């Protein structure tokens, strides 16, 4: 029986467990350290009498708390999965994996992996070459992935529109890439006015930044989730 010491003075004290209180003294104590108020203990009871009080190790309490939280998390995860369906859950999984771990943008002349988390952190160009996505980008990706649970916790007709968040964050991350590409195109058009001598230079600029297959997978997952969210929203109107 698990209980808590509510009073200890001298060699006597009181312990509470399951709505009951038991008096105990130092002879009941099975620990290596002295009893203290608020200490979590295990009680041994025989025929309604307290026969032993053993302190619970902090490591054991931590493991029990972790197991409890894991059990609650698993229960919520199963409920969210049941709400959104297998297809949406898979699309969110693809989005999360690609956004955090795969390179979506390549840069000519630089052996560097640029993920969506990097882009959301503002790491494009020299910052990307130096390496490491910032905490901001990773946090935004996790927030986008967490939007899968919005319809489960917010029972509102607009809740399914939360599925559009991954696409919005993807667009936000790729916006600097688009801007740089647009600037490159303008440079190419300007160079073309000077003749063939600048053709090779223009081609090099044109191939400076490119999207990988992972980028299109990421965009496709975002579009699919947005479509599912909008359709569910329309179905609730």
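Every read-out reported here was derived from the displayed coordinates using simple, explicitly stated rules and does not represent laboratory data. Because the structure is predicted, anything quoted here is derived from the model rather than measured.
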query: Rounded if a/c is under 1.5, else prolate if a/b is larger than b/c, else oblate: which is segment 1-115, with a ≥ b ≥ c the root eigenvalues of its Cα gyration tensor?
result: prolate
- request: When a/c is below 1.5 the answer is rounded, else prolate if a/b is larger than b/c, else oblate, so apply that to segment 2-56 with a ≥ b ≥ c taken from the square roots of the Cα gyration tensor eigenvalues.
  value: rounded
